[in-house]
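The values are calculated or read from the model by the stated rules, or taken from the named source; none is laboratory data. Quick caveat, the model's predicted, so the values are computed rather than measured. Note: ideal-geometry Cβ built from the backbone for every residue, glycine included; neighbour counts use all protein chains shown.
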Amino acid sequence: MNLALFGGEKTKTTPFGTGKRFDGNELKYLQEALEQNTLFYWNGTKVKELIQKYTAFCGVKYGVATSSGTAAIHAALGAVGVTAGDEVITSPITDMGSVIGILYQNAIPVFADLDPFTYNMDPVDIERKITPKTKAIVVVHLAGNAADMDAIMEIARRHHLKVVEDCAQSYMCYYKGKMAGTIGDIGCFSLNDFKHISAGDGGICLTNDEELAHRCLSFTDKGYDRTAATTAGMRAVQYLCPNYRMTELQGAVALAQLEKLEWICNQRNAFGEALTEGIKDLPGIHPPKVIEGGKSSYWFYMFRIDEKTAKVSRDEFSRALAAEGIPNQAGYIPSCIYEYDIFVNRNAFPGSTLPFTINHDENEITYHKGLCPVAEEILETAIRLNISEFYTPQDLEDIIAAIRKVSHYYLNR
Ligand SMILES: *Cc1c(COP(=O)(O)O)cnc(C)c1O
(Lines give C-alpha, C1' and ligand atoms only; values in the text may rest on other atoms or scores of the structure.)
Protein backbone atom coordinates (compact mmCIF):
# COMPACT_ATOMS: atom_id res chain seq x y z
CA MET A 1 0.00 0.00 0.00
CA ASN A 2 1.46 3.31 -1.01
CA LEU A 3 2.04 5.76 1.82
CA ALA A 4 0.03 8.98 1.90
CA LEU A 5 3.44 10.66 2.19
CA PHE A 6 4.12 9.50 -1.39
CA GLY A 7 0.67 10.18 -2.80
CA GLY A 8 -1.19 7.10 -1.56
CA GLU A 9 -4.51 7.08 0.22
CA LYS A 10 -4.69 8.52 3.73
CA THR A 11 -5.54 6.07 6.56
CA LYS A 12 -7.56 8.47 8.69
CA THR A 13 -10.56 9.94 6.93
CA THR A 14 -12.80 10.84 9.90
CA PRO A 15 -12.20 13.53 12.52
CA PHE A 16 -10.88 12.52 15.96
CA GLY A 17 -13.39 12.35 18.80
CA THR A 18 -13.71 15.49 20.88
CA GLY A 19 -15.86 16.52 23.83
CA LYS A 20 -16.55 19.16 26.45
CA ARG A 21 -14.31 19.12 29.50
CA PHE A 22 -16.33 21.38 31.80
CA ASP A 23 -19.87 20.15 31.35
CA GLY A 24 -20.43 18.68 34.83
CA ASN A 25 -20.93 20.47 38.15
CA GLU A 26 -18.33 23.18 37.44
CA LEU A 27 -20.83 26.04 37.06
CA LYS A 28 -22.90 24.91 40.05
CA TYR A 29 -19.87 24.75 42.35
CA LEU A 30 -18.54 28.07 41.06
CA GLN A 31 -21.82 29.72 41.87
CA GLU A 32 -21.82 28.18 45.34
CA ALA A 33 -18.27 29.45 45.83
CA LEU A 34 -19.26 32.99 44.89
CA GLU A 35 -22.31 32.87 47.15
CA GLN A 36 -20.05 32.17 50.13
CA ASN A 37 -19.05 35.83 49.94
CA THR A 38 -15.41 34.78 50.23
CA LEU A 39 -12.97 33.15 47.81
CA PHE A 40 -10.32 32.56 50.48
CA TYR A 41 -9.49 28.88 51.02
CA TRP A 42 -9.28 29.13 54.79
CA ASN A 43 -12.77 30.61 55.09
CA GLY A 44 -14.58 28.80 52.26
CA THR A 45 -15.57 25.16 51.76
CA LYS A 46 -14.59 24.32 48.17
CA VAL A 47 -10.85 23.89 48.61
CA LYS A 48 -11.46 22.01 51.86
CA GLU A 49 -13.91 19.70 50.14
CA LEU A 50 -11.53 19.16 47.23
CA ILE A 51 -8.79 18.09 49.61
CA GLN A 52 -11.12 15.91 51.65
CA LYS A 53 -12.42 14.14 48.51
CA TYR A 54 -9.05 13.72 46.82
CA THR A 55 -7.27 12.40 49.93
CA ALA A 56 -10.11 9.92 50.47
CA PHE A 57 -9.95 8.87 46.81
CA CYS A 58 -6.19 8.27 47.06
CA GLY A 59 -6.32 6.77 50.54
CA VAL A 60 -3.94 9.23 52.20
CA LYS A 61 -4.36 11.22 55.40
CA TYR A 62 -3.45 14.78 54.41
CA GLY A 63 -3.57 17.08 51.42
CA VAL A 64 -2.67 20.68 50.65
CA ALA A 65 -4.05 22.67 47.72
CA THR A 66 -1.70 24.92 45.77
CA SER A 67 -1.79 27.42 42.93
CA SER A 68 -0.01 25.10 40.46
CA GLY A 69 1.82 21.80 40.10
CA THR A 70 5.10 23.71 40.17
CA ALA A 71 3.98 25.28 43.44
CA ALA A 72 3.05 21.87 44.85
CA ILE A 73 6.53 20.52 44.11
CA HIS A 74 8.20 23.64 45.54
CA ALA A 75 6.07 23.42 48.68
CA ALA A 76 6.93 19.73 49.05
CA LEU A 77 10.63 20.49 48.76
CA GLY A 78 10.31 23.29 51.29
CA ALA A 79 8.40 21.02 53.66
CA VAL A 80 10.97 18.21 53.54
CA GLY A 81 13.70 20.75 54.29
CA VAL A 82 15.51 21.18 50.96
CA THR A 83 17.62 24.31 51.36
CA ALA A 84 20.55 26.30 49.94
CA GLY A 85 23.38 24.15 48.60
CA ASP A 86 21.54 20.82 48.79
CA GLU A 87 21.53 18.52 45.79
CA VAL A 88 18.22 17.11 44.55
CA ILE A 89 18.16 14.25 42.05
CA THR A 90 15.51 14.31 39.34
CA SER A 91 14.69 13.33 35.74
CA PRO A 92 16.08 15.05 32.63
CA ILE A 93 12.88 14.44 30.62
CA THR A 94 10.24 16.47 32.37
CA ASP A 95 8.58 19.85 32.65
CA MET A 96 10.47 22.83 34.10
CA GLY A 97 8.01 22.54 36.99
CA SER A 98 10.03 19.62 38.37
CA VAL A 99 13.13 21.79 38.83
CA ILE A 100 11.80 25.31 39.43
CA GLY A 101 11.21 24.64 43.12
CA ILE A 102 14.64 23.08 43.51
CA LEU A 103 16.27 26.21 42.08
CA TYR A 104 14.10 28.61 44.12
CA GLN A 105 15.27 26.78 47.26
CA ASN A 106 18.79 27.58 46.04
CA ALA A 107 19.32 23.85 45.75
CA ILE A 108 21.03 22.12 42.84
CA PRO A 109 19.29 19.77 40.39
CA VAL A 110 21.28 16.63 39.59
CA PHE A 111 19.97 14.49 36.76
CA ALA A 112 19.71 10.70 36.81
CA ASP A 113 19.48 8.76 33.57
CA LEU A 114 16.35 6.89 32.52
CA ASP A 115 15.13 3.42 31.72
CA PRO A 116 15.11 3.22 27.91
CA PHE A 117 11.51 2.01 27.65
CA THR A 118 9.58 3.34 30.68
CA TYR A 119 11.27 6.78 30.29
CA ASN A 120 11.40 6.96 34.10
CA MET A 121 14.45 7.30 36.35
CA ASP A 122 16.79 4.31 36.55
CA PRO A 123 17.36 3.43 40.24
CA VAL A 124 20.94 2.31 39.51
CA ASP A 125 21.81 5.73 38.10
CA ILE A 126 20.01 7.50 40.95
CA GLU A 127 22.29 5.72 43.41
CA ARG A 128 25.34 6.58 41.30
CA LYS A 129 24.42 10.29 41.49
CA ILE A 130 24.06 10.41 45.29
CA THR A 131 26.68 12.46 47.17
CA PRO A 132 26.94 13.55 50.82
CA LYS A 133 25.14 16.74 49.72
CA THR A 134 22.08 14.97 48.29
CA LYS A 135 18.93 15.79 50.27
CA ALA A 136 16.02 14.54 48.18
CA ILE A 137 14.80 12.84 45.01
CA VAL A 138 12.03 14.29 42.83
CA VAL A 139 10.64 11.20 41.11
CA VAL A 140 8.80 12.04 37.89
CA HIS A 141 6.16 9.54 36.81
CA LEU A 142 6.20 10.44 33.12
CA ALA A 143 3.07 10.40 30.98
CA GLY A 144 0.91 8.52 33.48
CA ASN A 145 3.38 5.67 33.95
CA ALA A 146 4.87 4.63 37.31
CA ALA A 147 8.57 4.76 38.10
CA ASP A 148 10.22 1.81 39.85
CA MET A 149 9.20 2.93 43.35
CA ASP A 150 10.30 -0.12 45.39
CA ALA A 151 13.88 0.27 44.23
CA ILE A 152 13.80 4.07 44.55
CA MET A 153 12.32 4.01 48.08
CA GLU A 154 14.86 1.41 49.19
CA ILE A 155 17.75 3.58 47.96
CA ALA A 156 16.22 6.71 49.49
CA ARG A 157 15.74 5.10 52.91
CA ARG A 158 19.27 3.67 52.90
CA HIS A 159 20.74 7.12 52.15
CA HIS A 160 18.27 9.05 54.34
CA LEU A 161 16.84 11.00 51.41
CA LYS A 162 13.37 12.49 51.12
CA VAL A 163 11.22 11.44 48.16
CA VAL A 164 8.87 13.86 46.40
CA GLU A 165 6.75 12.29 43.67
CA ASP A 166 5.96 14.50 40.68
CA CYS A 167 2.60 13.12 39.54
CA ALA A 168 1.67 16.12 37.40
CA GLN A 169 1.22 13.77 34.42
CA SER A 170 0.12 10.80 36.48
CA TYR A 171 -3.31 10.79 38.02
CA MET A 172 -4.49 7.27 38.88
CA CYS A 173 -1.15 5.80 38.00
CA TYR A 174 -0.56 2.57 39.90
CA TYR A 175 2.56 0.84 41.14
CA LYS A 176 1.94 -2.66 42.54
CA GLY A 177 -1.54 -1.69 43.68
CA LYS A 178 -0.45 1.62 45.24
CA MET A 179 -1.30 4.93 43.66
CA ALA A 180 1.62 7.09 42.53
CA GLY A 181 1.81 10.08 44.84
CA THR A 182 1.07 8.01 47.95
CA ILE A 183 4.37 6.11 48.12
CA GLY A 184 7.07 8.73 48.74
CA ASP A 185 7.09 11.40 51.48
CA ILE A 186 4.93 13.82 49.48
CA GLY A 187 3.08 13.38 46.15
CA CYS A 188 2.41 16.39 43.91
CA PHE A 189 -0.31 16.82 41.29
CA SER A 190 -1.08 19.53 38.73
CA LEU A 191 -4.44 20.98 37.69
CA ASN A 192 -3.10 23.02 34.80
CA ASP A 193 -5.20 23.11 31.65
CA PHE A 194 -3.26 20.38 29.84
CA LYS A 195 -3.43 17.70 32.52
CA HIS A 196 -6.01 14.89 32.98
CA ILE A 197 -8.19 17.32 34.93
CA SER A 198 -8.01 21.11 34.90
CA ALA A 199 -8.86 24.02 37.16
CA GLY A 200 -7.14 26.41 34.75
CA ASP A 201 -4.20 26.16 37.11
CA GLY A 202 -3.77 24.54 40.48
CA GLY A 203 -2.03 21.73 42.32
CA ILE A 204 -2.30 19.32 45.22
CA CYS A 205 0.23 17.84 47.67
CA LEU A 206 -0.52 14.51 49.37
CA THR A 207 1.19 13.02 52.42
CA ASN A 208 0.55 10.64 55.31
CA ASP A 209 2.83 12.64 57.63
CA GLU A 210 1.03 15.20 59.77
CA GLU A 211 4.13 17.31 60.38
CA LEU A 212 4.97 17.42 56.65
CA ALA A 213 1.37 18.36 55.85
CA HIS A 214 1.54 21.22 58.34
CA ARG A 215 4.82 22.52 56.93
CA CYS A 216 3.53 22.13 53.37
CA LEU A 217 0.41 24.17 54.16
CA SER A 218 2.38 26.93 55.83
CA PHE A 219 4.86 26.94 52.92
CA THR A 220 2.03 27.72 50.49
CA ASP A 221 0.76 30.54 52.69
CA LYS A 222 3.71 32.88 53.31
CA GLY A 223 4.93 30.86 56.27
CA TYR A 224 1.81 31.69 58.26
CA ASP A 225 0.34 29.19 60.68
CA ARG A 226 -3.40 29.70 60.48
CA THR A 227 -4.00 27.09 63.16
CA ALA A 228 -2.23 29.26 65.76
CA ALA A 229 -4.36 30.62 68.60
CA THR A 230 -3.28 34.24 68.18
CA THR A 231 -2.49 36.58 65.27
CA ALA A 232 1.04 36.96 66.58
CA GLY A 233 1.36 33.19 66.60
CA MET A 234 0.01 32.98 63.08
CA ARG A 235 2.55 35.51 61.86
CA ALA A 236 5.55 34.04 63.67
CA VAL A 237 7.18 33.22 60.31
CA GLN A 238 10.11 30.83 60.59
CA TYR A 239 11.66 30.96 57.10
CA LEU A 240 11.00 32.15 53.55
CA CYS A 241 7.78 30.85 51.99
CA PRO A 242 5.87 32.08 48.91
CA ASN A 243 2.13 32.58 48.44
CA TYR A 244 0.95 29.52 46.55
CA ARG A 245 -2.65 29.47 47.80
CA MET A 246 -5.48 27.98 45.78
CA THR A 247 -8.60 30.13 45.49
CA GLU A 248 -12.14 28.88 46.04
CA LEU A 249 -12.81 29.35 42.30
CA GLN A 250 -10.08 26.88 41.40
CA GLY A 251 -11.26 24.61 44.19
CA ALA A 252 -14.82 24.65 42.84
CA VAL A 253 -13.77 23.68 39.31
CA ALA A 254 -11.29 21.08 40.56
CA LEU A 255 -13.99 19.52 42.72
CA ALA A 256 -16.26 19.11 39.70
CA GLN A 257 -13.40 17.79 37.59
CA LEU A 258 -12.57 15.22 40.25
CA GLU A 259 -15.97 13.63 39.63
CA LYS A 260 -14.77 12.72 36.11
CA LEU A 261 -11.25 11.65 36.97
CA GLU A 262 -11.90 7.92 37.14
CA TRP A 263 -13.67 7.87 33.79
CA ILE A 264 -10.93 9.95 32.14
CA CYS A 265 -8.12 7.75 33.45
CA ASN A 266 -9.92 4.51 32.61
CA GLN A 267 -10.57 5.71 29.05
CA ARG A 268 -6.93 6.65 28.62
CA ASN A 269 -5.65 3.46 30.19
CA ALA A 270 -7.81 1.31 27.91
CA PHE A 271 -6.78 3.32 24.85
CA GLY A 272 -3.06 3.09 25.64
CA GLU A 273 -3.20 -0.62 26.42
CA ALA A 274 -5.11 -1.38 23.22
CA LEU A 275 -2.69 0.70 21.17
CA THR A 276 0.26 -1.24 22.58
CA GLU A 277 -1.52 -4.52 21.82
CA GLY A 278 -2.07 -3.34 18.26
CA ILE A 279 1.56 -2.45 17.47
CA LYS A 280 3.79 -4.48 19.81
CA ASP A 281 4.58 -7.17 17.22
CA LEU A 282 6.05 -4.68 14.73
CA PRO A 283 9.82 -5.11 14.29
CA GLY A 284 11.74 -2.02 15.41
CA ILE A 285 8.77 -0.43 17.16
CA HIS A 286 9.02 -0.25 20.96
CA PRO A 287 5.75 0.63 22.72
CA PRO A 288 6.08 2.37 26.11
CA LYS A 289 6.85 -0.14 28.85
CA VAL A 290 4.65 -0.40 31.91
CA ILE A 291 6.53 -2.13 34.71
CA GLU A 292 5.24 -5.35 36.27
CA GLY A 293 2.32 -4.46 38.54
CA GLY A 294 1.98 -0.97 37.06
CA LYS A 295 -0.99 0.73 35.45
CA SER A 296 -0.63 3.82 33.27
CA SER A 297 -3.19 6.57 32.71
CA TYR A 298 -1.40 7.60 29.49
CA TRP A 299 -1.21 11.38 29.62
CA PHE A 300 0.39 10.92 26.23
CA TYR A 301 1.58 7.85 24.31
CA MET A 302 5.24 7.77 23.35
CA PHE A 303 6.83 4.89 21.46
CA ARG A 304 10.33 4.47 20.11
CA ILE A 305 11.72 3.59 16.70
CA ASP A 306 14.76 1.34 16.47
CA GLU A 307 15.86 2.84 13.17
CA LYS A 308 18.02 -0.12 12.06
CA THR A 309 15.37 -2.77 12.62
CA ALA A 310 12.44 -0.64 11.44
CA LYS A 311 14.51 0.41 8.37
CA VAL A 312 13.34 4.01 8.62
CA SER A 313 14.48 7.11 10.48
CA ARG A 314 12.37 8.39 13.33
CA ASP A 315 11.81 11.68 11.52
CA GLU A 316 10.61 10.02 8.33
CA PHE A 317 8.34 7.66 10.29
CA SER A 318 6.86 10.69 12.04
CA ARG A 319 6.24 12.52 8.74
CA ALA A 320 4.72 9.41 7.13
CA LEU A 321 2.39 8.94 10.11
CA ALA A 322 1.30 12.59 9.97
CA ALA A 323 0.58 12.22 6.25
CA GLU A 324 -1.66 9.24 7.09
CA GLY A 325 -3.76 11.68 9.15
CA ILE A 326 -2.30 10.86 12.58
CA PRO A 327 -0.89 14.01 14.21
CA ASN A 328 2.27 13.22 16.15
CA GLN A 329 5.44 14.78 17.40
CA ALA A 330 9.00 13.58 16.74
CA GLY A 331 10.29 13.48 20.32
CA TYR A 332 8.92 15.37 23.30
CA ILE A 333 10.78 18.28 24.86
CA PRO A 334 13.43 19.70 22.47
CA SER A 335 16.33 18.34 24.56
CA CYS A 336 17.01 17.04 28.04
CA ILE A 337 16.32 19.92 30.40
CA TYR A 338 19.95 20.12 31.52
CA GLU A 339 20.70 21.26 27.95
CA TYR A 340 18.43 24.29 28.36
CA ASP A 341 20.26 27.65 28.50
CA ILE A 342 19.42 28.16 32.17
CA PHE A 343 21.53 25.10 33.05
CA VAL A 344 24.26 25.16 30.40
CA ASN A 345 24.95 28.83 31.24
CA ARG A 346 24.26 28.29 34.97
CA ASN A 347 22.03 31.31 34.78
CA ALA A 348 19.17 30.63 37.23
CA PHE A 349 19.71 34.07 38.75
CA PRO A 350 21.14 36.30 36.01
CA GLY A 351 24.53 37.76 36.82
CA SER A 352 25.20 35.10 39.45
CA THR A 353 26.23 31.43 39.43
CA LEU A 354 23.97 30.76 42.43
CA PRO A 355 22.75 28.26 43.40
CA PHE A 356 25.24 26.10 41.50
CA THR A 357 28.23 27.28 43.53
CA ILE A 358 26.69 27.21 47.01
CA ASN A 359 28.55 24.58 49.09
CA HIS A 360 30.21 23.55 45.81
CA ASP A 361 33.52 24.44 44.14
CA GLU A 362 33.39 26.81 41.16
CA ASN A 363 33.25 24.05 38.53
CA GLU A 364 31.90 21.15 40.53
CA ILE A 365 28.43 21.42 38.98
CA THR A 366 28.19 21.82 35.20
CA TYR A 367 25.54 20.82 32.69
CA HIS A 368 26.13 19.66 29.14
CA LYS A 369 25.06 17.17 26.48
CA GLY A 370 26.11 13.64 27.37
CA LEU A 371 25.09 13.73 31.05
CA CYS A 372 22.29 11.20 30.55
CA PRO A 373 22.89 9.29 27.30
CA VAL A 374 19.82 7.06 27.52
CA ALA A 375 17.50 10.04 28.04
CA GLU A 376 19.07 11.80 25.07
CA GLU A 377 18.58 8.72 22.90
CA ILE A 378 14.93 8.48 23.96
CA LEU A 379 14.30 12.03 22.75
CA GLU A 380 16.08 11.30 19.46
CA THR A 381 14.09 8.15 18.67
CA ALA A 382 10.65 8.70 20.17
CA ILE A 383 7.34 9.51 18.53
CA ARG A 384 4.66 11.04 20.70
CA LEU A 385 0.92 10.81 20.14
CA ASN A 386 -1.66 12.88 21.91
CA ILE A 387 -4.31 10.86 23.68
CA SER A 388 -7.76 12.07 24.58
CA GLU A 389 -10.45 10.48 26.71
CA PHE A 390 -12.81 11.47 23.89
CA TYR A 391 -11.06 9.37 21.22
CA THR A 392 -13.38 6.77 19.70
CA PRO A 393 -12.88 3.07 18.85
CA GLN A 394 -12.59 4.26 15.23
CA ASP A 395 -9.71 6.57 16.22
CA LEU A 396 -7.95 3.67 17.93
CA GLU A 397 -8.38 1.44 14.89
CA ASP A 398 -7.10 4.16 12.56
CA ILE A 399 -4.02 4.96 14.65
CA ILE A 400 -3.08 1.28 14.80
CA ALA A 401 -3.73 0.83 11.08
CA ALA A 402 -1.61 3.87 10.20
CA ILE A 403 1.35 2.80 12.36
CA ARG A 404 1.16 -0.72 10.90
CA LYS A 405 0.94 0.61 7.34
CA VAL A 406 3.97 2.88 7.75
CA SER A 407 5.96 0.18 9.50
CA HIS A 408 5.20 -2.47 6.86
CA TYR A 409 6.02 -0.10 4.04
CA TYR A 410 9.58 0.49 5.23
CA LEU A 411 10.17 -3.10 6.33
CA ASN A 412 9.22 -4.40 2.89
CA ARG A 413 10.62 -1.68 0.74
C1 LIG B 1 2.79 20.03 34.16
C2 LIG B 1 3.96 19.53 34.91
C3 LIG B 1 4.49 20.19 36.03
C4 LIG B 1 4.07 21.55 36.44
O5 LIG B 1 2.73 21.72 36.67
P6 LIG B 1 2.08 23.20 36.53
O7 LIG B 1 0.74 23.03 37.10
O8 LIG B 1 2.08 23.55 35.08
O9 LIG B 1 2.93 24.14 37.32
C10 LIG B 1 5.51 19.58 36.73
N11 LIG B 1 6.00 18.39 36.36
C12 LIG B 1 5.55 17.74 35.29
C13 LIG B 1 6.13 16.40 34.95
C14 LIG B 1 4.53 18.29 34.50
O15 LIG B 1 4.11 17.64 33.42
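Observations
- Considering Gly251, Gly278, Gly272, the condition of being among the small types (Gly, Ala, Ser), assigned by TED's automatic domain parsing to the domain that holds Leu142 and not in a loop (DSSP other than H, G, I, E, B) is satisfied by Gly251 alone.
- Among (1) over 26 Å from Phe271 (Cβ atoms); (2) more than 22 Å from the chain's Cα centre (by Cα); (3) not β-branched (Val, Ile, Thr) - the single one Gly19 does not satisfy: (1)
- Residue in the stretch 70-94 that is nearest to the ligand (Cβ to nearest atom), counting only those that are under 24 Å from Gly294 (Cα atoms) and out of contact with any Gly (no Cβ under 8 Å at 6 or more places or on another chain): Thr94
- Residues that are crowded, with 24+ Cβ neighbours inside 10 Å and out of contact with any helix residue (DSSP H, G or I) (no Cβ under 8 Å at 6 or more places or on another chain), drawn from the stretch 132-148: His141, Leu142, Ala143, Asn145, Ala146, Ala147
- Comparison of Gly177, Gly200, Gly184 shows that the only residue that is small (Gly, Ala, Ser) and crowded, with 24+ Cβ neighbours inside 10 Å is Gly184.
- Hits in the stretch 227-248 - residues which are modelled with pLDDT of 95 or more and part of a helix (DSSP H, G or I): Glu248
- Of all residues in the stretch 85-109, those that are within 15 Å of the chain's Cα centre (by Cα), part of a helix (DSSP H, G or I) and buried (at least 21 other Cβ atoms within 10 Å of the Cβ) total 4.
- Applying a threshold of 9 Å to beta carbon distances and a minimum spacing of six or more residues, or different chains, the list of pairs starting in the stretch 42-67 at a residue that is more than 15 Å from Ala213 (Cβ to Cβ) and ending at one that is among the aromatic types (Phe, Trp, Tyr) reads Lys46/Tyr29; Glu49/Tyr29; Ser67/Tyr244.
- Comparison of Gly202, Gly284 shows that the only residue that is on the phi > 0 side of the Ramachandran plot, assigned by TED's automatic domain parsing to the domain that holds Cys167 and touching a residue at least 60 places away in the same chain (Cβ under 8 Å) is Gly202.
- Count of residues meeting criterion [among the charged types (D, E, K, R) and either crowded, with 19+ Cβ neighbours inside 10 Å or more than 22 Å from Gly203 (Cα to Cα) (or both)] in the stretch 27-56: 2
- Residue match in the stretch 71-89 (condition: touching a His at 6+ places or on another chain (Cβ under 9 Å), among the aliphatic types (A, V, I, L, M) and either within 18 Å of His214 (Cβ to Cβ) or modelled with pLDDT under 95 (or both)): yes
- Checking Val82 against (1) within 19 Å of His159 (Cβ to Cβ); (2) among the aliphatic types (A, V, I, L, M); (3) under 18 Å from the mean Cα position of the chain (by Cα), the condition it does not meet: (3)
- Annotation: of all residues in the stretch 112-137 being of a type in the set (Ser, Thr, Tyr) and closer than 22 Å to Ser190 by Cα, the one that is farthest from the ligand (Cβ to nearest atom) is Thr118.
- Contacts under 9 angstrom Cβ, first residue in the stretch 387-405 being touching a residue at least 12 places away in the same chain (Cβ under 8 Å) and in a helix (DSSP H, G or I), partner of a type in the set (Val, Ile, Thr) and loosely packed, with under 15 Cβ neighbours inside 10 Å, 6 or more apart: Gln394/Thr14; Asp395/Thr14; Asp398/Thr13; Asp398/Thr14
- Yes/no for Tyr224 being surrounded by fewer than 24 Cβ atoms within 10 Å (Cβ to Cβ), in contact (Cβ under 8 Å) with a residue 40 or more places away in the chain and either within 16 Å of the ligand (Cβ to nearest atom) or hydroxyl-bearing (Ser, Thr, Tyr) (or both): no
- The one condition in (1) out of contact with any Asp or Glu (no Cβ under 7 Å at 6 or more places or on another chain); (2) within 12 Å of the ligand (Cβ to nearest atom); (3) among the β-branched types (Val, Ile, Thr) that Val140 fails to fulfil: (1)
- Restricted to the stretch 142-179, and to residues there that are basic (Lys, Arg) and without any contact (Cβ under 8 Å) to a residue 60 or more places away in the chain, the residue that is nearest to Val60 (Cα to Cα) is Lys178.
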